[in-house]
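Take a look at the structure set out below.
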Amino acid sequence: MRGRTSKTLAILSIATVFLSAVLFAGVRFTGGAFLRSSALQGTKKSVHGDTNILLIGLDSRRDNNGNNLPRKLLDLMHVGSSSSIGGYNTNTLILIHIPADGKSAVAVSIPRDDYVNVPGQGMKKIKEAYGYAKYMKESELYKQGIRGATLEAQSREAGRTATIATVTSLFNVPIDHFAEVNLVGFYDLATALGGIQVCLNRAVNDRQYSGAVFPAGLQTISGVDALKFVRQRHGLPNGDLDRTHRQQAFITGVITKFRSQGIFGDLAKLNALMGVAKKDVVIDAGFDVLGFLPQAKALTGGKIKFNTLPIEGYAMRNRQSVNIVDLPTIQKFVHDLFYPAPVIKSTAKGTPSATPSAKPTKFNYAHLANGKSVDGGTIPCVN
């Protein structure tokens, strides 16, 4: 196993791509065939037309029915051969805020090791909320004689509910919709998409863990290489935080490709993407896919700003390395991003007046460097 049993996997949620495909596919497809979840039932929703969407990347070597992924596929993806590796950690959590006017979107990545209060479970790494809740529900259902796909489905619902409650409590904002994808979903998507352009500040060689071996500079990756790109953390200056930036950069590359390379005019490729979404993506029961199309323009038009939740430092808790976070700081950070105060400027007579915030740039690359202009878009270079 070459030490991989202790190395969990960060999976980039493909829900952003799924929403993009739905937008351009339009009435060719409906949402009825997608896997649905009731985990948001009874939760608080946004007001004034805003929408918050939680993207969940689930680190699991099992399919949606609880079946082990084929050994050949696990070996190909360089993720170990046991279905127990990684458990049900949510190693990718991204909350996207789309304002009512739909002009721009803001995305916040949550580092997986942030040490937070998980409702009903106490202080844990945020990635563990799903797995602990699933295990407790699964144990309860097993005693009732429930087995197989039903056991998996109902216990995963408990995991989703716990994750949503944790993020809601952490940010103090409502979650209107969510989309979840597991390990095989990202692989399937990356394969269906073909090549995505990414850029690295320097060459990397992580053969032992993620399998990532890439040169510096702009390059095109797909399939297994895409998976290696988003899961590498060993050898990076900031570890998991840099991996978060890899996820953001990959999403940027996907959006750039969708916008500039005519994917939406290729019916065969669209069908392949929607096939992946219907097989591997779970969305909430209340998600009106066609009704969401106007707001989705903020995601597919390049008007999305990526941010990473700030941390205060590192510590050891329960013999684990965790990220220490400050709740008031985080809630102010998110509130200022999602609901910015109007910019005040002086009128010609010197009287202050409120005006909308400055027009957003295509992408927020404050934490990235050496952006490359490619096919009408900007590909950020990351560690």
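Would a scan of the range 219-235 turn up a residue that is more than 23 Å from residue 257 (Cα to Cα) and either surrounded by fewer than 19 Cβ atoms within 10 Å (Cβ to Cβ) or among the small types (Gly, Ala, Ser) (or both)? Break it down stepwise before answering.
At the first step, the residues of the range 219-235 found to be more than 23 Å from residue 257 (Cα to Cα) are 233-235.
After this cut, where a residue has to be either surrounded by fewer than 19 Cβ atoms within 10 Å (Cβ to Cβ) or among the small types (Gly, Ala, Ser) (or both) as well, the list is 234-235.
For the range 219-235, residues more than 23 Å from residue 257 (Cα to Cα) and either surrounded by fewer than 19 Cβ atoms within 10 Å (Cβ to Cβ) or among the small types (Gly, Ala, Ser) (or both): present.
At least 3 residues that are loosely packed, with under 13 Cβ neighbours inside 10 Å and at pLDDT 70 or above in each: list the strands (runs of 3 or more DSSP E) lying fully within the range 303-365 that qualify. Even if it seems obvious, please write down each step before you answer.
On the way: elements: 304-308, 313-317, 320-324, 343-346, 352-355.
The qualifying strands (runs of 3 or more DSSP E) are 313-317.
State yes or no: is residue 218 closer than 20 Å to residue 60 by Cα and either at pLDDT 85 or above or outside any strand (DSSP E or B) (or both)?
no
Using the structure shown, decide if residue 36 is outside any helix (DSSP H, G or I), surrounded by 15 or more Cβ atoms within 10 Å (Cβ to Cβ), modelled with pLDDT of 90 or more and among the charged types (D, E, K, R). So that I can check it myself, show each step before the final result.
Details: outside any helix (DSSP H, G or I): yes; surrounded by 15 or more Cβ atoms within 10 Å (Cβ to Cβ): no; modelled with pLDDT of 90 or more: yes; among the charged types (D, E, K, R): yes.
Considered against the rule, which asks whether it is outside any helix (DSSP H, G or I), surrounded by 15 or more Cβ atoms within 10 Å (Cβ to Cβ), modelled with pLDDT of 90 or more and among the charged types (D, E, K, R), residue 36 comes out as no.
Among the residues of the range 168-178, is there at least one that is in a loop (DSSP other than H, G, I, E, B) and among the hydroxyl-bearing types (Ser, Thr, Tyr)?
Quick first cut of the range 168-178, residues in a loop (DSSP other than H, G, I, E, B) only: 172-176.
When the remaining residues are screened for being among the hydroxyl-bearing types (Ser, Thr, Tyr), the result is none.
No: zero hits.
For (1) at pLDDT 75 or above; (2) at positive phi; (3) surrounded by 21 or more Cβ atoms within 10 Å (Cβ to Cβ), each residue gets a yes or a no:
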| residue | (1), (2), (3) |
| --- | --- |
| 7 | no, no, no |
| 24 | no, no, no |
| 40 | yes, no, yes |
| 45 | yes, no, no |
| 66 | yes, yes, no |
| 72 | no, no, no |
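Is it true that some residue in the range 253-264 is more than 17 Å from residue 92 (Cβ to Cβ), assigned to a helix (DSSP H, G or I), touching a strand residue (DSSP E or B) at 6+ places or on another chain (Cβ under 7 Å) and of a type in the set (Lys, Arg)? Step through it out loud before you land on a result.
Initial filter on the range 253-264 (more than 17 Å from residue 92 (Cβ to Cβ)): 256-264.
So of that shortlist, the ones also assigned to a helix (DSSP H, G or I) come out as 256-260, 263-264.
Now narrow it down to the ones that are touching a strand residue (DSSP E or B) at 6+ places or on another chain (Cβ under 7 Å): 256-257, 259-260.
Of the ones still in play, those that are also of a type in the set (Lys, Arg) are 257, 259.
Checked against the condition, which is being more than 17 Å from residue 92 (Cβ to Cβ), assigned to a helix (DSSP H, G or I), touching a strand residue (DSSP E or B) at 6+ places or on another chain (Cβ under 7 Å) and of a type in the set (Lys, Arg), the range 253-264 yields at least one hit.
List pairs: first residue in the range 228-249 and under 23 Å from residue 182 (Cβ atoms) and outside any helix (DSSP H, G or I), second residue among the aromatic types (Phe, Trp, Tyr) and modelled with pLDDT of 85 or more anywhere in the structure, Cβ distance under 9 angstrom, at least six positions apart or on different chains.
From the range 228-249, the pairs are 232/214.
Of everything in the range 90-110, what is surrounded by fewer than 23 Cβ atoms within 10 Å (Cβ to Cβ), polar (S, T, N, Q) and either in contact with a Lys or Arg (Cβ under 6 Å, 6 or more places away or on another chain) or modelled with pLDDT under 90 (or both)? Give them in sequence order.
Result: 104, single match.
Could you tell me which residue of the range 112-148 is modelled with the lowest pLDDT, considering only residues that are over 25 Å from the mean Cα position of the chain (by Cα) and of a type in the set (Gly, Ala, Ser)?
148
Filter the range 180-198 down to residues that are closer than 21 Å to residue 113 by Cα and touching a strand residue (DSSP E or B) at 6+ places or on another chain (Cβ under 6 Å) and give me whichever is modelled with the lowest pLDDT.
Among those residues, the one meeting the criterion is 182.
Which one is farthest from residue 256 (Cα to Cα), of the residues in the range 142-195 that are surrounded by 24 or more Cβ atoms within 10 Å (Cβ to Cβ) and among the basic types (Lys, Arg)?
Among those that are surrounded by 24 or more Cβ atoms within 10 Å (Cβ to Cβ) and among the basic types (Lys, Arg), it is 156.
Would you tally the residues in the range 47-60 being surrounded by 21 or more Cβ atoms within 10 Å (Cβ to Cβ) and not in a strand (DSSP E or B)? Don't jump to the end; show me each part of the working.
Going through the range 47-60, the residues surrounded by 21 or more Cβ atoms within 10 Å (Cβ to Cβ) turn out to be 51-60.
Imposing the further condition that a residue be not in a strand (DSSP E or B) reduces the set to 60.
So the answer is 1.
Matching residues to (1) under 21 Å from residue 52 (Cα atoms); (2) within 17 Å of the chain's Cα centre (by Cα):
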site	(1), (2)
158	yes, no
163	yes, yes
168	yes, yes
180	yes, yes
185	no, yes
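Kindly indicate whether any position in the range 118-132 is crowded, with 19+ Cβ neighbours inside 10 Å, free of Cβ contacts under 8 Å to residues at least 24 places away in the same chain and not in a strand (DSSP E or B).
Here is the first cut: in the range 118-132, the residues crowded, with 19+ Cβ neighbours inside 10 Å are 118, 124-132.
Right, trim to free of Cβ contacts under 8 Å to residues at least 24 places away in the same chain and you get 124.
Those still in the list that are not in a strand (DSSP E or B) too: none.
Within the range 118-132, not a single residue is crowded, with 19+ Cβ neighbours inside 10 Å, free of Cβ contacts under 8 Å to residues at least 24 places away in the same chain and not in a strand (DSSP E or B).
The values are calculated or read from the model by the stated rules, or taken from the named source; none is laboratory data. Keep in mind that what you see is a predicted model, and the values were worked out from it rather than measured. Note: ideal-geometry Cβ built from the backbone for every residue, glycine included; neighbour counts use all protein chains shown.
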